[in-house]
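The values are calculated or read from the model by the stated rules, or taken from the named source; none is laboratory data. Here the structure is a predicted model, which means the values were calculated and not measured. Every residue, glycine among them, receives a Cβ derived from its backbone with ideal geometry; neighbour counts consider all protein chains shown.
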Ligand SMILES: NC(=O)c1ccc[n+]([C@@H]2O[C@H](COP(=O)([O-])OP(=O)(O)OC[C@H]3O[C@@H](n4cnc5c(N)ncnc54)[C@H](OP(=O)(O)O)[C@@H]3O)[C@@H](O)[C@H]2O)c1
């Protein structure tokens, strides 16, 4: 429903008048309600507050699975998105084409979104490069190994070169190996902490210097296994690395919160992706599904809208939280 500015003004005056009467009128013998009405306060704008129009989002590991679904959902809300992959260029190009085709054929005004030039130089230190011109596409593809610090730096530099700004950073790429204590070695441990902790942390460190402020959004991916009573011994390194991410989230929320950023973590339950299915026998998946009230594990599309909400202006007051998204698997 839309209304004209004139109608909104009339409505506001009527509400102010009603509120003042309510505040001053006293009923003998009744408790006076102390409702202080702030006539200058804004009316809610719920439609705009979840739009990501003109935001630039970088999603690591977004050519498939959860990352791809997040990229598509953010793009549907109006964001320019970076599709990142390490090996499979075909899948990455398909996701980007899908988004760009939807933008061209869309009947909404999202297709005509453009990056405002007055927002391109966001780094206080002025390090942000100007893009050559307005980006031609809503989604672009960047090949970079997000398990390394150098890969993350390349990803960030290319994002800034092409889009000229960054508003939303989502650290989705991750490693989930399966070994018990007696089986793990140093390389296995290091691989998890390099991929799941070190590389994302250093990407955030670099990105935080150039992200739009205030309003920047950083979202990590953890797992319900950090809280699940059904914790598997062979998930030791994976769960330990995700536990580190949860704690990093809490600390960074305080640190980067001073710049007007929010830092949060989504902790999904089991999701139907290659990462989860690799090495998980069907009877284990069935057993897990039986513990979820709807008797199914999640699809990536169950997770992505929650990430999109956290990335939106409406979620400005959610900061430093670990949000379980598991259909009631862990309560
Ligand atoms: N699936 C679950 O049940 C589940 C549950 C809780 C939390 N999570 C978390 O959610 C996140 C995403 O999980 P997922 O299941 O969607 O993972 P996934 O299926 O393994 O994701 C694959 C995507 O990540 C990309 N990728 C892999 N290695 C990369 C690298 N080194 N650099 C850049 N991109 C890379 C892949 O591109 P290429 O194919 O080109 O390499 C592909 O786009 C992870 O952090 C995971 O821990 C998952």
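One table, with the values for the structure above:
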| read-out | value |
| --- | --- |
| Set 225, 231, 201: member being surrounded by fewer than 23 Cβ atoms within 10 Å (Cβ to Cβ), in a helix (DSSP H, G or I) and either in contact with a strand residue (DSSP E or B) (Cβ under 6 Å, 6 or more places away or on another chain) or at pLDDT below 95 (or both) | 225 |
| The one condition in (1) at pLDDT 95 or above; (2) within 15 Å of the ligand (Cβ to nearest atom); (3) not in a helix (DSSP H, G or I) that residue 155 fails to fulfil | (3) |
| Lone unmet requirement of (1) in contact (Cβ under 8 Å) with a residue 12 or more places away in the chain; (2) within 12 Å of the ligand (Cβ to nearest atom) for residue 315 | (2) |
| Cβ-Cβ under 7 Å pairs, at least 6 apart or on other chains, segment 256-276 side within 21 Å of residue 315 (Cβ to Cβ) and touching a residue at least 60 places away in the same chain (Cβ under 8 Å), far side more than 16 Å from the ligand (Cβ to nearest atom) and not in a strand (DSSP E or B) | 257/319 |
| Test result for residue 266, near the ligand (Cβ under 10 Å from one of its atoms), within 13 Å of the chain's Cα centre (by Cα) and either in a helix (DSSP H, G or I) or more than 21 Å from residue 178 (Cβ to Cβ) (or both) | yes |
| Identity of the residue in segment 289-306, within 20 Å of residue 59 (Cα to Cα) and part of a helix (DSSP H, G or I), that ends up farthest from the ligand (Cβ to nearest atom) | 305 |
| Some residue of segment 96-110 being at pLDDT 95 or above, touching a helix residue (DSSP H, G or I) at 6+ places or on another chain (Cβ under 6 Å), under 25 Å from residue 208 (Cα atoms) and within 16 Å of the ligand (Cβ to nearest atom) | no |
| Some residue of segment 252-259 being farther than 28 Å from residue 186 by Cα and in a loop (DSSP other than H, G, I, E, B) | yes |
| Of residues in segment 47-75 being in a helix (DSSP H, G or I) and touching a strand residue (DSSP E or B) at 6+ places or on another chain (Cβ under 7 Å), the one nearest to residue 271 (Cα to Cα) | 66 |
| Selection status of residue 286, away from the ligand (no atom under 12 Å from the Cβ), outside any loop (DSSP other than H, G, I, E, B), in contact with a strand residue (DSSP E or B) (Cβ under 9 Å, 6 or more places away or on another chain) and free of Cβ contacts under 8 Å to residues at least 24 places away in the same chain | no |
